[in-house]
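Heads up, the thing below is written out as structure tokens.
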Amino acid sequence: MMQVFGISGFSGSGKTTLITQLVGRFRDDGYTVSAIKHTHHGFDLDRPGKDSYRLRSAGCGEVLLVGDQRLALMQEYPDGTQPALPQLLAKLAPCDLVLVEGYKDSELPQLRLHRSCQPQLPDLANPAIVAVASDIRLDCAQPWLPLSDVTAIHRFLQHYLFGAKPQPSIDRWPLQRCA
């Protein structure tokens with residue numbers, strides 16, 4: 001069964017950096033991993049002059065680029081209605097784990113990230129937030145993990161997602177409830 005878990009936080013909190021580190025750890029554990037990254041900023045993988053750009057400009061709703069080692073599906077939704085997360089998940093090939101960056105207001109179980117240099121504290125009222133990782137202790141009800149301790153975050157997620165038995169050093173985890 002595919003597990004889906006979110007990593008959320010303000011821009012600059014380290015979401016992508018943490019996800020790339022976690023992907024390597026879960027792959028080392030033998031899991032197949034995929035990712036979905038949400039962005040509030042416009043982006044375009046295509047550029048003028050390329051055949052795929054010409055096809056999109058001509059009005060294709062979808063253009064699938066296929067090469068020797070990868071494919072990319074560009075799908076237009078000109079009315080601005082983004083596909084819902086379940087629709088996006090359905091597009092992925094089967095895997096053990098999908099790490100989702102963003103979607104902080106969703107019901108998706110998630111780890112909320114925070115850095116002390118950010119101008120405001122994160123809203124931790126969403127019941128989908130199962131833990132918080134930050135570079136400072138926060139006054140929160142969720143378990144707290146040091147953002148710099150990828151091993152502790154990995155072990156927490158391993159246990160949360162797959163019921164993996166924690167390593168014998170579990171009693172040395174820096175996992176603590178915030179005061």
Taking the chain and counting helices only, DSSP H stretches of n ≥ 4 at -39,500 (n - 2.57) each over all residues, the nearest-500 ellipticity at 222 nm comes to -7000 deg cm²/dmol
Rounded to one decimal in nm, the spacing of the 7 Å Cα→Cβ label points at Thr16 and Asp135 is 1.8 nm
Packing-ranked peptide list from 142-151, 6-15, highest mean Cβ count within 10 angstrom first, is 6-15, 142-151
In degrees rounded to 10, the 0-90 angle between helix 15-28 Cα long axis and the longest Cα principal axis of the chain is 80 degrees
Per the rule of 0.36 nm per residue minus the C-alpha distance, extending Arg27 to Gln75 adds in nm 14.4 nm
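How many percent of the alpha carbon pairs in the range 30-89 exceed a separation of 18 Å? Present the calculation step by step, with values, prior to reporting the outcome.
Details: 816 of 1770 pairs.
That fraction is 46 percent.
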log10 I(q)/I(0) for the range 23-134, Debye formula on C-alpha points only (no solvent), q = 0.21 Å⁻¹, two decimals, reads -1.29
For the chain, longest principal axis from Cα atoms; helix 150-162 axis from its Cα atoms; angle between them, nearest 10 degrees, is 80 degrees
Distance in nm between His38 and Thr151 label points, each 7 Å along Cα→Cβ, equals 3.3 nm
Taking Lys and Arg as +1 and Asp and Glu as -1, residues besides Gln82 with C-beta under 14 Å from its C-beta add up to -1
The size of the Cβ-based charge dipole (Lys, Arg +1; Asp, Glu -1) of the chain about the Cα centre, to the nearest 20 debye, is 340 debye
Close lysine pairs (the range 1-127; alpha-carbon distance under 24 Å; 8 or more apart or on separate chains) counted at 6
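Where a number appears in this text, it was derived from the coordinates with a stated rule and is not lab data. The structure displayed is predicted, hence computed values, not measured ones. Glycine also receives a Cβ, built like all others from the backbone with ideal geometry; neighbour counts cover every protein chain displayed.
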